[in-house]
Amino acid sequence: MNTARLTLDPRRRVAPVPRRLFGSFVEHLGRCVYTGIYEPGHPTADADGFRGDVLALVRELGVTTVRYPGGNFVSSYRWEDGVGPVDERPARLDLAWHSLETNAFGLDEFMRWVGKAGVDPIMAVNLGTRGTAEAVDLLEYANHRGGSHLADQRRDNGAVDPYGIKLWCLGNEMDGPWQVGQRSATEYGRLAAQTAKAMRRFDPDLELVACGSSHLGMPTFGSWERDVLTEAYDDVDLISLHAYYQPVDDDLASFLASAEDMDRYIDAVTAIADSVGAIRRSTKKIMIAFDEWNVWYQSAAPSTPPSGEDWPVAPPLLEDHYSVADAVVVGGLLISLLRHSDRVSAACQAQLVNVIAPIMTEVGGSAWRQTIFHPFARTARHAQGTVLDLLREGSTTTTGRYGEIDAVDAVSTWDDTTGEMTVFLVNRALETPAEVTIDVAGAQVSDIIECVTVGGTDLHAKNTADGPDHAAPRPNGTARGADASVQLTLPPASWTMLRLRATDTTPVIG
Ligand code: AHR
């Protein structure tokens, strides 16, 4: 049995929980839009063609923000193709995913869907094949109240009120050779700065995201962030990070510890951004938008887009089926994001439906939850209030990739309106359970509200449309104790959420 002692120090407040950490991503890719969120004729579809079963699952998932329309797709997308009368919209070749884009779904449909889903939009502009002018046109169409050509076009298309989209991504993965319109860091940094300046002439309060590296392993990682921010530091608010995880060489121990990589990535980009800021003697801090993250089996065949003469409409692409182990990893990655909530102010799990997604659909049939749905839904619902860092002591576990690491990873949130304290924990040891003691220093725990666990068994089990739901959180009956200390046992390779009610709140929030 491993042991861990976690001390919840009331003074170790990280930041208010950024609700935008629980964002997701809808790209025109595979079946994410078409037959994912949008399927006219589906038995649950509404008058807009939005699947009601998917909308219900999106609400249950607790997603707060959704990034759109890509991804690689955005880098050759003409947003104008997707507005106006649907039967006049052109079909276009989507160069990113070698598919035919019908444009039946576009900006106005997305904004109607956003309203029904109860989420906030994050909009990406095309800085691959296009530039500042088209970005500003899109902004005018979306956010200007009326009286100009493009704003009036939106009103004619049925949206009288401006959309008021606040958070904008300036391109996507512009360092990647796979990106249509890839640029050097300096070229991109200048274009991002120029586009940001133009967009701010319309609205100085927009929040603008510059593209960071596509992943930590990019050969230009580090110098890319430095050079982009050297050009655009004063003009942007956030820099993006993207990371996808999968087991390499069947090394499940390292895979379970993927949050180590995420921690290091965030710390590295924070340091680079701060070093650029320090050189500029700037007091401004660049925040992080971790606007693509997830488990993705990139080596799997369905990740490969079609080729040659074949340009299918909404082909099934990147439809990973997730295991219980994948759910534990997703829970761990959310712990890393919460721990860094002083710098990560937005994040998007990629993606929302069908494409490396927590929600799957059958064409004309059911919508169902993947294993990774559950830790996301529970964290999004119960990580409320303020993030508290935890002092961690105890057993370590060995991984091939990250060396000796703490067997138990954890973070806590404190909601001073309800008096609820929630601890999210992962036992990353593959074989060994962990006995955890939580010192809730300064707060009197009056009640264990709920303790649920995902994993520990059936690590390779996957959900299907017909069930069963292998990663549905099950009660963990080991949680016990009160006053200033709580104990619980974590099964090996598992994610757990422990909800406590604390009566003496003053020291915690003071
Ligand atoms: O999410 C799938 C793809 O991964 C996105 O289109 C791209 O930005 C990233 O490489």
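Where a number appears in this text, it was derived from the coordinates with a stated rule and is not lab data. Predicted, not measured: the structure shown is a model, and the values here were computed from it. In this analysis, Cβ positions are derived from the backbone assuming ideal geometry, glycine residues included, and neighbour counts consider all displayed protein chains.
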Taking 0.36 nm per residue of separation between Arg145 and Ile448 and subtracting their Cα-Cα distance, the length gained on full extension comes to 104.1 nm
Here segment 132-148 yields Karplus 3J(HN,Hα) values (6.51, -1.76, 1.60; θ = phi - 60°; whole Hz; Gly and Pro given as x) of 4, 4, 6, 5, 5, 4, 4, 4, 5, 4, 6, 10, 7, 5, x, x, 10
Eligible lysines near Lys166 by straight Cα distance, threshold 22 Å, same-chain separation 8 or greater: Lys116, Lys197, Lys284, Lys285
Under 5 Å between amide hydrogens, which residues at least 5 positions from Asp483 or on another chain qualify, with H placed 1.01 Å from N in the peptide plane? Val445
From zero up to wherever the largest Cα-Cα distance of the chain sits, split into 10 Å bins and tell me the percent of pairs in each. 4, 19, 29, 26, 16, 5, 0
Once you have the Cα-Cα distance between Ala198 and Met1, take 0.36 nm times their residue separation minus that, and quote the gain in nm to one decimal. 65.0 nm
Can you give me the angle between helix 107-117 and the longest principal axis of the chain, using Cα atoms only, in degrees from 0 to 90, rounded to the nearest 10? 30 degrees
Grab the beta carbon distance between Trp178 and Ala133, set R0 = 22 Å, and tell me the FRET efficiency rounded to 0.05. 0.30
So, relative contact order of segment 159-206 in percent, Cα under 8 Å, 6 or more apart, is 35 percent
Simple SL model, points at 7 angstrom along Cα→Cβ for Lys166 and Glu60; separation in nm is 3.0 nm
Simple label model, 7 Å out from Cα along Cβ direction - Asp46 to Ser395, nm: 5.0 nm
Neighbourhood charge, 11 Å Cβ-Cβ cut-off, centred on Pro358 and excluding it, Lys, Arg +1 and Asp, Glu -1: -2
Kindly list the residues of segment 417-441 that lie in the label zone of Asp251, defined by a backbone N under 16 Å from the point 7 Å along the Cα-to-C-beta vector. 429-430
Compute the FRET efficiency between Asp466 and Lys285 as 1/(1 + (r/R0)^6), taking r as their Cβ-Cβ distance and R0 = 45 Å, and round to the nearest 0.05. 0.40
Between the alpha carbon centres of segment 355-369 and segment 145-214 the gap in Å comes to 31 Å
I need the calculated FRET efficiency for the pair Asp234 and Ala441, taking r as the beta carbon distance and R₀ as 51 Å, to the nearest 0.05. 0.75
With 10 Å bins from 0: P(r) over segment 231-330, alpha-carbon pairs, percent: 13, 31, 25, 22, 8, 0
Amide H neighbours of Asn354 at under 5 Å, excluding residues fewer than 5 places away on the same chain, with H built from the backbone geometry, are Ile359, Met360, Thr361
Starting at the first residue of segment 93-105, write each ³J(HN,Hα) from the Karplus equation 6.51 cos²θ - 1.76 cosθ + 1.60 with θ = phi - 60°, in whole Hz, x for Gly and Pro. 7, 8, 6, 5, 10, 6, 10, 9, 9, 7, 6, 5, 10
Would you give the gap between the C-alpha center of segment 463-487 and the C-alpha center of segment 216-238, rounded to a whole Å? 41 Å
Residue by residue through segment 199-208, which ³J(HN,Hα) values in whole Hz follow from phi under the Karplus form 6.51 cos²θ - 1.76 cosθ + 1.60 (θ = phi - 60°), with glycine and proline marked x? 5, 6, 5, 7, 8, x, 8, 4, 9, 10
Excluding Pro306 itself, what net charge comes from residues whose Cβ is under 15 Å from its Cβ, given Lys and Arg +1 and Asp and Glu -1? -4
How about segment 65-146: which trypsin sites (Lys or Arg not before Pro) there are in a DSSP loop, with at most 13 other Cβ atoms within 10 Å of their Cβ? Arg145
Excluding the sites themselves, what is the longest stretch of the chain that contains no GluC sites (Glu not before Pro) in a DSSP loop with at most 10 other C-beta atoms within 10 Å? 1-308
Sequence-separation-based contact order of segment 46-187, relative, with Cα cut under 8 Å and 6+ spacing, percent: 27 percent
Mind checking the full-extension length gain between Arg19 and Ala484? Use 0.36 nm per residue of separation minus the Cα-Cα distance, one decimal, nm. 164.6 nm
